[in-house]
Each structure stands twice: as C-alpha cells, then as structure tokens.
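Data first, discussion second: the structure below is written as structure tokens.
The values are calculated or read from the model by the stated rules, or taken from the named source; none is laboratory data. Because the structure is a prediction, the values reported are computed rather than measured. For neighbour counting, all protein chains shown are included, and Cβ atoms are generated from backbone atoms with ideal geometry for every residue, glycine included. Surface accessibility is based on the protein's heavy atoms, side chains included, excluding ligands, DNA and RNA. Shrake-Rupley method; radii C 1.70, N 1.55, O 1.52, S 1.80 Å.
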Amino acid sequence: ISCEYKNGEVVKPDLSYDMASLSGMRAFLDNGLIVSDDVERDSRVKAFLDKVPRRIRTRALMVAPLYYKGTPRFAIVALMTSGPRAWREEEKDLLREAAEQVFTAFERAALFEQVSHGKFEWESTFDALTDGIFIFDQNGTLRRVNAAAAAFEGAQINSLLGRQCCTLLQGIETEQCRVAQVIETGRPVTFELVPERLKRPVLVTISPLAAMAADSRRGAIGAVCIVRDLSELRAAEAVAREQRNFLVKLIEHATDAIFALSPDGRFIWFNEQLTALSGYSREELKEGNYQRFLPAREKLKVTRRFLRALRGGAQTFEMQALSKIGEQRLLLVTYTPIYDEGRITSVLSIARDITEDRLESERAAQADKLRALGQLASGVAHNFNNILAAILGHTQLMKRDCRDEHSLERLDIIERAAIDGAETVKRIQGFGLHQEGAIAELIDVNQLVHDSTTLTQARWRDDAQARSIRYEVEVDLRSVPLVRGSASELREVFVNIILNALDAMPGGGRLKISTDTIGSTVQIGFADTGKGMSREVREHIFEPFFTTKGADGMGLGLAVSYSIVERHGGKIEVASEQGQGSIFIITLPAAKNVRAEARRRHNLPVKAADILVIDDDSRVREAMAGMLDAAGHRTHQASSGREALSLLDQRGFDIVFTDLSMPETDGWAVAEEIRRRWPDVKVVLMTGYAVSPETIDHYNHLVDHVIIKPIRFEDINAALCKVTNGH
C-alpha cells in the first residue's frame, strides 16, 4: 500500500504487498471495478481473504485496478472495516472517475519520460556525428551546431550560435546567400568548395527545413547545412588513378597480346600486340569475334576453355591460330575470369606466340614471365587491400555506433562490397601464385538470401515504384544448416535468378523465396507469378547463349549459375508452365563437421590488453586502432618499425600488430627484434600480400599469428583469442 486516506488525512500505512496479490481477482471485474459488500460472505473473495482483506481487517471493499500495457501497475481501494456495506452507484462512479484521473496522469508521466529519453538520444547522436551540421532558422541565424561543424570553423560551439549564415564557412556564399535561396525556394543544393582556412575540399549540402504538417503553408522554416571532409576520398581517388595508369602502361608495352573478351566472345579492349599478331586492324577486331582466328579443328576445344573461364576457372592451353594472311601460329593462351561485384563480367586473355621457340626453353621463359606478372599483380593487390582495409575497418566502426536502420542497410552494402572486393583481390593474388581458390567457406544460406534481396531492392522496389509497378517479394526462411562454398558466387546465382524473375513479371507480380532442409541438403526455392516458360524453353534454359530476351540478353546468366551450383556439388531445377509462373529449386549439400570446426573457431573471452599497432598507412592504422579500442583494449600507434621499437623501449606492451611491408624496417625484422629483446610480447603480422604457407612456416618462430588484409572484427577477435588463449 503506497498511501491511505483516513479520517480526513493522507497517511503512509505500515502494511505493504505487491500488485500480484490482486492478479487473481481480475476475473471478478464488473465494469472496471471489483466490488464486495461483505468479504466474509463473498465466495469469490474467499481465496484472497488472507492475502489482503483480513490483513487490514476489511469487511467491504471496492477496488479499481489500473493496468498499463497489460500489466497491473497500481489500484485505488475503498474499504470498510467496521462492517459490511452496500456500495451505492454514485460511490462506484466516484471511484471510477478517480481511477481515470490517476491513470491519465500516469500515462502522461510515462509519455514525458519517453520523449525526454528520445530527445537525449537525438542530441547525443547529433553531437557525435563526424560530419559538420549547421541548423539555421528562417532568418539565416545559426540555432544549432555540432562539435564537428565547430571544428571546421575553428571555434567553440557557444561562440557560433546566433551568427548569420554568410559569416560561416568562407566560400559558401556567392553573390546571393545560398542558405536564403534554399529557404526561399525549398530546393536543396549540393556543391564542393575549399575554404581558405581549411585548405582542403569539403562537400556542402544545404536542405530546407519543412514546417509541420499542420502548418505546411509556411513553407521552409529554416535550413540544415551538412559539411563533409573530402580529403581522404580525394586521396584514395588519386591512388586509384595512379594504379590504373600504371596498369594501362604495363598492358600497352607488353610483348604478349593482352585482351578482354565479353561473355559472347567479342573483343572489349586489346593492346597493339594483338593487331601485330593477328594482322587485323583495330576496326576489324572490334567488329569480329575471337573465333575468327581459329581453324575449324580448334573451335570446339577453345570454346570449351572459354566457357570454363566464364564459370570461374582460369585456363592455360596451347592453340593453333590463323592470321589474316592465313599463316598458322602456335599460341600459348591463358583465360582468367574478371569479376565485378562478385559476377564474372569478362575474360582476360594473354596470348603468346611460341611458334619459333620450342618446348622446355620456352616453358622456362613462360614461367619467368608469369612469375613477374604475378609479382606485379601482388603489388597492386597489396595497395588495393590497404584501401579496402581502411574502408572495411571504418565501416564496421560506423556500424557499431549507428542506430539508424536505413543507414545500417547502406553500411551493410558497403561492408559486403568491400569483402567481395577483397575476394577479388585474393583471386588476383592466387593467379600470381598459380593457385586455384578452393570452395571451403562456411555459408549461411539465409543470410545470402537476405543479401540478395537487399542488393536487388533498387530494382523491385525503387525502380518499380518510379514506373508505377508493384512487386511483392516474400521471404520464408526456415532454420537450415550451413553449406560450404563461395559466398560471392552463390550470391551471384541468387541475384541472377531474382532479376530473371522480375524480367518475367514486366507488369508486376509476386516472388516468394524460401529455404528448407531436405535430408542432408539445403533447398532454396524461387517462385514467381510471371509469364512462365514453354517446354521447349525449359529444355534449353541452362544452355550457354540461349536467351528469350532478344538483343537485351546474352544467354549466359543461367548457364553460369548452373555451373556454379554444379561446382558446389548441388543441382538447380526449374518447373514452369506458360502463364503460370516459374519455380527454380537450388539444392546444395549441407556442410559436414560444422560443430567440430565451430569449436576450433570459437573465440574465448580476451581480457583487455596494451596493444601497439604498426602500419605506415595511417588509414589502415587508425581503422585497426579503432576496432581494438572498440573491443576494450588500450592501443598505441606507430607509423614505422623504428618508431615502434622506440615505444617498446619506453613502455611495455602485451601484443604488437605489425604490418609486413614497411619502408626501412619490415614486419619480419620488427618481429625478429621483439623476439630477441621482449620474448614475452605476442606478435601478430598483418599483410595485404598473398603469403604462402611455406613462408609462414619458415617464420613461425617469429610471429604468433598472421592476418590477411582487409581485416574484420572477427579476424581481430580470432587473432587475440589465439595469441592469448592458444586457441
């Protein structure tokens, strides 16, 4: 009992009990009240006499229990202790009215608390944003500003409030006030500038602040100005341009014919050596197909090799070719699939004329050239890995702090794109080391379905809405075991089938995607309500170059999908009738020994440690330090091996994360010096190069673990678990 009104006063009684004591009496509610004129003679109250009434010597009572969100929170009780009482209707009405007033007050208090909490969360997020945000009122006066925006101005937040827009961010204004223009027209503007004080580019977006719906006639009531630092983006673009120019020069000066083929066998681009080898002009090559070089006896063999490359397998073979004047040449040809966002979009080919050179000597020379090309590819891949490491690391840090679901979806897409880019780099590195990628990744099929629907969302939702078409995409995912394979390749298959289903429903329709476990296999179903297929089309649907889309299709999507599923030990089937839609069923074998592997990979808890991060690339170094800080560790940074050894001399560290490739002192040398001087310090080597198992075994006595860039949170946790717990 919280309080009691007795003899004209509100007092604090000695008795107390929780609301659960009244929970069983809820069945006796009559028009919101529990009423008993004589509790000793009332059979309904008999079970509760000892819990409440007798404890407070009650003979008659009225109770108004109040429930909030289905839970009893409090009750108002009127009672008689002197004897029974026949409660009048006006007394009941009075109790109900009191209960309603108390409940209304309680609801308002709960709403106020909720609004206060939401305001606190919004302001905390506003102040934590890394983009600068200025909020102006209708007169262009600054009303709100966050810490990042104040840093752009080099001033304190309080000193900026109340200033006019034209006095901020030198260079934001032209002859007319841009903030005033946005407020007046209601149209946002976006532009770049380089403020004189900052000396670096920023992206400025000014958007109108609309009035509340009830006051929409007022138009814009202010403006929001968002300022983003572009210096890191511009630096990354410059690095990418430099690498691209380097590759272009490499290809043009190569002595081999280097060219790229589209999936239908046409030349996308080629170097001058191809024209010299074939005798055809650049115009003739652009108009033709690679098969024009082939004698009749070579066409079947070369076509098979080309299709294998389109399915993801690098090919190397010898072939006879015909020049324009009919001269036969013996060529050593390599086909390497080129991936773009997880899909094979073309085939890179290198053709060498080995007519004049023979057998062993030529093969030895060929090995030297491929080794050199592999080293160049490895260097380029290392630089891209550093870029991807910065993107992936900062993206994962942003995901930990982000609470907006739409932004999280965007960050998930960036994260998956970075991971797929890393897989592409690994394939380039594997080519340089003459390695074939193994399908050994454990994959959650349900997550792949979610990824595929997200990647295609712009097509079935945004683009469709713009064209007044409605697609209904339903997902029914059961709990299924993991499968073993390549996530990027299977994601490509799922995306291709979804896009084909949308093409089969040009006026809109319904697509249902489901997963289930059938015996020791995982089954994924794609059922659409499209126009369906005839028997003839079904029989040829998985054949290369067969298409029902005319000039808009190449006929390779389902053929490539079929080969990917087949390489994963599965099968893909289709059931369809004209006018009745289509159902594609993919069956994949469930992964074996998953529990044992999960136990091997399980990360034991790691206590907070003092960690030194060494990397000459500040973007990668800061991303690594951010992830370690987020995991609760204490980190310090060093930009070189020499600086790191100096820090180790000054203070102790538990663990050192060191990059492999650094000027002056590389990672192996740093690890060797740490082992000599501080043998108890754990060393984790980070590298963007493809380090062979033989190299790792050779240096096993120097480092405790090796991580390949780009690095994710789970990679860091696994490394820390291994070096600290031995697992």
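Here are some notes:
- Output for the range 258-315, where each listed residue is hydroxyl-bearing (Ser, Thr, Tyr), touching a Ser or Thr at 6+ places or on another chain (Cβ under 7 Å) and closer than 21 Å to Arg352 by Cβ: Thr275, Ser278
- Taking the numbered list (1) part of a strand (DSSP E or B); (2) open to solvent by 80 Å² or more (accessible area, probe 1.4 Å); (3) of a type outside the set (Phe, Trp, Tyr) in turn, Val77 passes all entries but (2).
- Identity of the residue in the range 312-327, modelled with pLDDT of 90 or more and either in a loop (DSSP other than H, G, I, E, B) or not aromatic (Phe, Trp, Tyr) (or both), that ends up most open to solvent (accessible area, probe 1.4 Å): Thr316
- Looking only at the range 139-168, and only at residues there that are β-branched (Val, Ile, Thr) and part of a helix (DSSP H, G or I), the one that is surrounded by the fewest Cβ atoms within 10 Å (Cβ to Cβ): Thr167
- So Val483, is it hydrophobic (A, V, I, L, M, F, W, C) and either open to solvent by 70 Å² or more (accessible area, probe 1.4 Å) or over 27 Å from Arg538 (Cα atoms) (or both): yes
- Annotation for the range 61-71: no member residue is modelled with pLDDT under 80, over 60 Å from the mean Cα position of the chain (by Cα) and farther than 30 Å from Arg403 by Cα.
- Val594 satisfies every condition listed in (1) at pLDDT 85 or above; (2) surrounded by fewer than 16 Cβ atoms within 10 Å (Cβ to Cβ) except (1).
- Checklist (1) at pLDDT 85 or above; (2) open to solvent by 60 Å² or more (accessible area, probe 1.4 Å); (3) over 30 Å from Val347 (Cβ atoms) applied to Ser216, failing item: (1)
- Applying a threshold of 6 Å to beta carbon distances and a minimum spacing of six or more residues, or different chains, the list of pairs starting in the range 236-256 at a residue that is closer than 16 Å to Ile350 by Cβ and ending at one that is open to solvent by less than 70 Å² (accessible area, probe 1.4 Å) reads Ile251/Ile258; Ile251/Asn271; Glu252/Asn271; Asp256/Ile350; Asp256/Arg352.
- When Arg234 is tested against the conditions (1) out of contact with any Ser or Thr (no Cβ under 8 Å at 6 or more places or on another chain); (2) surrounded by 15 or more Cβ atoms within 10 Å (Cβ to Cβ), the lone failure is (2).
- Filtered by the rule that a residue be open to solvent by less than 60 Å² (accessible area, probe 1.4 Å) and in a helix (DSSP H, G or I), the range 453-480 gives Thr453, Thr454, Gln457, Ala458, Trp460, Ala464.
- Boolean, Arg600 is at pLDDT below 85 and open to solvent by 10 Å² or more (accessible area, probe 1.4 Å): yes
- Residues in the range 624-671 that are in contact with a Ser or Thr (Cβ under 9 Å, 6 or more places away or on another chain), open to solvent by less than 50 Å² (accessible area, probe 1.4 Å), touching a residue at least 40 places away in the same chain (Cβ under 8 Å) and assigned to a loop (DSSP other than H, G, I, E, B): Ser661, Met662.
- Among (1) crowded, with 17+ Cβ neighbours inside 10 Å; (2) in a loop (DSSP other than H, G, I, E, B); (3) at pLDDT 80 or above, the one test that Arg41 misses: (1)
- Counted residues, the range 114-129 - those being surrounded by 12 or more Cβ atoms within 10 Å (Cβ to Cβ) and without any contact (Cβ under 8 Å) to a residue 24 or more places away in the chain: 4
Quick grid of which residues meet (1) modelled with pLDDT under 75; (2) surrounded by 21 or more Cβ atoms within 10 Å (Cβ to Cβ); (3) over 23 Å from Ile711 (Cβ atoms):
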residue	(1), (2), (3)
Leu332	no, no, yes
Tyr335	no, yes, yes
Ile338	no, no, yes
Glu341	no, no, no
Val347	no, yes, yes
Gln375	yes, no, yes
Val380	yes, no, no
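Yes/no per residue for (1) open to solvent by 40 Å² or more (accessible area, probe 1.4 Å); (2) at pLDDT 60 or above:
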| position | (1), (2) |
| --- | --- |
| Ala417 | yes, yes |
| Asp420 | no, yes |
| Ile428 | yes, no |
| Gly432 | no, no |
| Glu436 | yes, no |
| Ile439 | yes, no |
| Val445 | no, yes |
| Asp451 | no, yes |
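- Considering residues of the range 246-265 that are surrounded by fewer than 15 Cβ atoms within 10 Å (Cβ to Cβ) and among the charged types (D, E, K, R) only, the residue nearest to Pro337 (Cα to Cα): Asp264
- Within the range 700-727, the set of residues being touching a residue at least 24 places away in the same chain (Cβ under 8 Å), under 20 Å from Arg675 (Cα atoms) and open to solvent by 60 Å² or more (accessible area, probe 1.4 Å) comprises His701, Thr724.
- Residue match in the range 169-186 (condition: within 30 Å of Lys69 (Cα to Cα) and open to solvent by 30 Å² or more (accessible area, probe 1.4 Å)): no
- Boolean, Thr665 is among the β-branched types (Val, Ile, Thr) and modelled with pLDDT of 85 or more: no
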